[in-house]
Amino acid sequence: MSWGTELWDQFDNLDKHLQWGIEFVERYNKFVKDRTDIEISYAKQLRNLSKKYQPKKNSREEEEQRFTSCRAFMTLLNEMNDYAGQHEVVAENMSGMIFAELARYIQELKQEKKMHFQEGRRAQQHIESCWKQLEASKRRFERDCKEAERAQQHFEKMDSDLNVTKADVEKARQQAQTRHQMASDSKAEYCSILQNFNKEQHEHYYTNIPNIFQKIQDLDEKRIVRIGDSMKTFSEVDRKVIPIIGKCLDEITKAAESIDEKQDTQLVIESFKSGFEQPGDVEFEDFSQSMKRTVSESSLSNNRPDGKPDSKSGKSKGKLWPFIKKNKGSVPEDFNHLPPEQRRKKLQQKIDEINKEIQKESDERDGLTKMKDVYVKNPQMGDPGSVAPRLAEIGQTIEKLRQESQKFEAWLAEVEGRLPTKSDQSRRQSEMYESQSSAVNNCPQDRESPDGSYTEEQSQDPQLKVAAQNEFDDEFDDEEVLTSIGTCKAMYPFEGQNEGTIMITEGETLTVIEEDKGDGWTRVRRSEDEEGYVPTSYVEVYLDKSVKGAMTYI
């Protein structure tokens, strides 16, 4: 199938067809551009949607992350953010691989079409010029023949007329001969031009036009192939991100499957449990007797610790704790307006806050003590007496905080149904210091699980633990910045909630600055200001061969 032979007389229609083809490519490219804009807009809207529903810092939404359903929703939001990123990749690839390439190709297509059709128009103009020349020669030959015939008729008429002189007859004869010669010359010229036109016409319709039309046909076929390739690319751009989008959706499904309704239910119990027992039956009070009404002993009064009935039975409803409205005024320091279980949680929270303040003040005191020692040894660096007022102030602050902690410890012991004995306070104080030093204490017998929990003797003197903690902090602070001895990759996530540990996520790569010394912990660094211990069993460690023989802990 060749346009040159099949469509030899459809030059104008081919011009229109090729112009339509170029406009079709432009329309398709506009479609790709609009699709790109949609992908960019969709990705932006997805990101804004994910950002809109992210929990705000220091808000109730952040506290809700304790629930598995809320954590799953957080995972969904994060995955939707990654999902939006894949749509941005689609838009970027379509813009660069399809739209920009087709825009350049359209310009090339227009230039090549213009060149081929200009060549065709020149060939068409040439054959038209030859045809006009042939027509002019034909008309001239026809005119000369007619004039020669009229001249011959005039000569014959003059020759048969007896009244005409011989000179006039001779003149008519010469004129007739001249016209016959002109007709003969016109005939020869017409024959020559006709032969030349037939040659040009044959070359035009069998050589020039087929060649030009073949180039136009090739150009249009390339356009069609280019459209097909572009549509394949259009599909591949989407296909490439499908695995990543599928992974995002798998993570959302995994997060949904991680929702534990029992765990969330237990968290609700822990959050709102009052600690009260359910009210018992209300006893019947007989007012029909004329004798003085006795006080009815409600089963609610049986909940009194001393086992005695409540003398104010008429106000027994005051003991229905679950139905009492919260106090809208100032909150009592001992939280006695709360139910027992909630009061215990608030008191424990307050004790933990005070202990953190004590630890903070102790760290500052240790630092000032070191500074004072340096000033004593090197007087030129500073006056040792300049830090004494601050040390005294810190000592008073620590003492006040300890007294405050003991006060809350006593209230906590009261809530727990125990007397606030000294031994109990010492035990809790010891537990407090143990929890603060668990992350930095790397003795093998102290660690029992990867999350940093451990047990020690409960009867250990708190003052000795404080001294040990301070001594350890001194050694820790005097250490130089450790250099890297290798890298490690996290195989499992680790929360790192205890002090001295560091949180890691699965697949994360960190710098190893201290290898496992046999206690099950490896010291790592994420950045210059963020380092800590992680369980060795949670990471793959690759030590630098230049520092030590390469080995891997799995």
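Mind listing whichever residues of region 1-56 are under 30 Å from R71 (Cα atoms), surrounded by 15 or more Cβ atoms within 10 Å (Cβ to Cβ) and among the hydroxyl-bearing types (S, T, Y)?
Once the filter is applied, which keeps residues that are under 30 Å from R71 (Cα atoms), surrounded by 15 or more Cβ atoms within 10 Å (Cβ to Cβ) and among the hydroxyl-bearing types (S, T, Y), region 1-56 yields Y42, S50.
Could you look through region 501-518, keep only residues that are part of a loop (DSSP other than H, G, I, E, B) and under 25 Å from Q359 (Cα atoms), and pick out the one that is most open to solvent (accessible area, probe 1.4 Å)? Walk me through it before giving the result.
First, the residues of region 501-518 that are part of a loop (DSSP other than H, G, I, E, B): 502-503, 505-508, 515-518.
Keeping just the survivors that are under 25 Å from Q359 (Cα atoms) gives 502-503.
Numbers: I502: 8, M503: 100 Å².
Residue satisfying both the conditions and the ranking: M503.
Scan the helices (runs of 4 or more DSSP H) fully inside region 1-69 and keep the ones with 2 or more residues being under 20 Å from R104 (Cβ atoms).
11-52
Report the residue count in region 519-547 for those that are under 29 Å from the mean Cα position of the chain (by Cα), closer than 26 Å to E251 by Cβ and not in a strand (DSSP E or B).
1
Give K187, K157, K171, K199 a once-over and let me know the one that is closer than 30 Å to K215 by Cβ, part of a helix (DSSP H, G or I) and open to solvent by 100 Å² or more (accessible area, probe 1.4 Å).
K199
I need every pair where a residue in region 136-159 that is more than 29 Å from F197 (Cβ to Cβ) has its Cβ under 8 Å from the Cβ of a residue that is among the hydroxyl-bearing types (S, T, Y) and open to solvent by 40 Å² or more (accessible area, probe 1.4 Å), sequence separation at least 6 or different chains.
From residues that are more than 29 Å from F197 (Cβ to Cβ), the pairs are A151/T178.
Report yes if N93 is in a helix (DSSP H, G or I) and touching a residue at least 24 places away in the same chain (Cβ under 8 Å), otherwise no.
yes
Out of curiosity, is Y105 open to solvent by less than 40 Å² (accessible area, probe 1.4 Å), under 46 Å from the mean Cα position of the chain (by Cα) and not hydrophobic (A, V, I, L, M, F, W, C)?
Against the criterion (open to solvent by less than 40 Å² (accessible area, probe 1.4 Å), under 46 Å from the mean Cα position of the chain (by Cα) and not hydrophobic (A, V, I, L, M, F, W, C)), Y105 qualifies.
Which of the numbered conditions does N498 fail, given that it passes all the others? Conditions: (1) in contact with a Gly (Cβ under 6 Å, 6 or more places away or on another chain); (2) assigned to a strand (DSSP E or B).
With (1) in contact with a Gly (Cβ under 6 Å, 6 or more places away or on another chain); (2) assigned to a strand (DSSP E or B) applied to N498, the lone miss is (2).
Please pick out the residue among R66, R27 that is basic (K, R) and closer than 30 Å to T253 by Cα. Break it down stepwise before answering.
Working: R27 fails: closer than 30 Å to T253 by Cα.
Among R66, R27, only R66 is basic (K, R) and closer than 30 Å to T253 by Cα.
Which one of these does V164 not meet: (1) touching a residue at least 12 places away in the same chain (Cβ under 8 Å); (2) farther than 30 Å from L18 by Cβ; (3) of a type in the set (A, V, I, L, M, F, W, C)?
Among (1) touching a residue at least 12 places away in the same chain (Cβ under 8 Å); (2) farther than 30 Å from L18 by Cβ; (3) of a type in the set (A, V, I, L, M, F, W, C), V164 violates only (1).
Checking I212 against (1) in contact (Cβ under 8 Å) with a residue 24 or more places away in the chain; (2) within 30 Å of F155 (Cα to Cα), which single condition isn't satisfied?
Result: I212 fails condition (2) only.
Mind listing whichever residues of region 36-72 are over 21 Å from the mean Cα position of the chain (by Cα) and small (G, A, S)?
Residues satisfying the conditions are S59, S69.
It is to be established whether one or more residues within region 348-366 are open to solvent by 80 Å² or more (accessible area, probe 1.4 Å), over 25 Å from A413 (Cα atoms), at pLDDT 70 or above and not hydrophobic (A, V, I, L, M, F, W, C).
Yes, region 348-366 contains a residue that is open to solvent by 80 Å² or more (accessible area, probe 1.4 Å), over 25 Å from A413 (Cα atoms), at pLDDT 70 or above and not hydrophobic (A, V, I, L, M, F, W, C).
Please specify each residue of region 519-539 satisfying the condition of being open to solvent by 50 Å² or more (accessible area, probe 1.4 Å), touching a residue at least 12 places away in the same chain (Cβ under 8 Å) and not polar (S, T, N, Q).
Listed by number, the residues that qualify are R526, E530, E531, Y538.
Consider G275 carefully, then state whether it is at positive phi and either modelled with pLDDT under 90 or open to solvent by less than 60 Å² (accessible area, probe 1.4 Å) (or both).
Yes.
Going through E261, E285, E257, E251 one at a time, which residue ends up being at pLDDT below 85 and of a type in the set (D, E, K, R)?
From the options E261, E285, E257, E251, the qualifying one is E285.
Just to be sure I understand, how many residues within region 228-246 are open to solvent by less than 70 Å² (accessible area, probe 1.4 Å) and either under 15 Å from the mean Cα position of the chain (by Cα) or among the aromatic types (F, W, Y) (or both)?
So the count comes out to 4.
The rows are residues; the columns are (1) acidic (D, E); (2) at pLDDT below 50; (3) under 30 Å from Y83 (Cβ atoms).
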{"site": "T265", "(1), (2), (3)": "no, no, no"}
{"site": "E297", "(1), (2), (3)": "yes, yes, no"}
{"site": "K315", "(1), (2), (3)": "no, yes, no"}
{"site": "W321", "(1), (2), (3)": "no, yes, no"}
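Inspect region 405-424 for any residue being at pLDDT 85 or above, charged (D, E, K, R) and open to solvent by less than 40 Å² (accessible area, probe 1.4 Å) and give the result as yes or no.
Taking every residue of region 405-424 in turn, at least one turns out to be at pLDDT 85 or above, charged (D, E, K, R) and open to solvent by less than 40 Å² (accessible area, probe 1.4 Å).
The values are calculated or read from the model by the stated rules, or taken from the named source; none is laboratory data. Given the structure is predicted, the values throughout are model-derived calculations rather than measurements. Note that we place each Cβ from the backbone using ideal geometry, even for glycine, and neighbour counts take in every protein chain shown. Accessible surface is based on the protein model in full, side chains and every heavy atom, while ligands, DNA and RNA are left aside. Shrake-Rupley method; radii C 1.70, N 1.55, O 1.52, S 1.80 Å.
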